[in-house]
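All remarks here apply to the structure that follows.
Laboratory data are not the source of any read-out in this text; all were calculated from the coordinates shown. Being a predicted model, the structure only gives us computed values, none of them experimental. As a convention, Cβ positions derive from the backbone with ideal geometry for all residues, glycine included, and neighbour counts pool all protein chains shown.
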Amino acid sequence: MTRRKFQSDARESEVDMTPMLDIVFILLIFFIVTTSFVREEGLLVNRPKANNNPVSDAPMMIIRLSDAGYVSFNNKPVDIERLSARIENFLAKYDSKNVVVIP
């Protein structure tokens, strides 16, 4: 008798996982539908086409900007208000179109 009672208890103790899987799939569908996808926007940069012209020996403007707010023009510290004047003076002295901006 004890064997039959043990076998019947084993059958009754089984858990049906089908409803649990249904709930998981419903939650998955819910989260997929309600998720909002954010489109990250960036800056469009118009890069110049590569040309095979020889490199000119004209001097180059180098402008450095630091996180702390320091600005340097050709490795010399300058105030941000005076940067445009320095650029104008440089362009008046040299006919250069080469500029490097280092953020």
So the label point goes 7 Å from the Cα of VAL45 along Cα→C-beta, right? Which residues of the stretch 68-103 then have their backbone N under 16 Å from it?
99-103
Can you tell me the length gained on complete extension of the stretch ILE102 to ASN89, counting 0.36 nm per residue apart and subtracting the Cα distance?
2.7 nm
Per-residue HN-Hα couplings for the stretch 31-48 [Karplus 6.51, -1.76, 1.60; θ = phi - 60°; Hz; x = Gly/Pro]:
5, 5, 5, 8, 6, 9, 9, 9, 8, 7, 9, x, 9, 8, 10, 8, 7, x
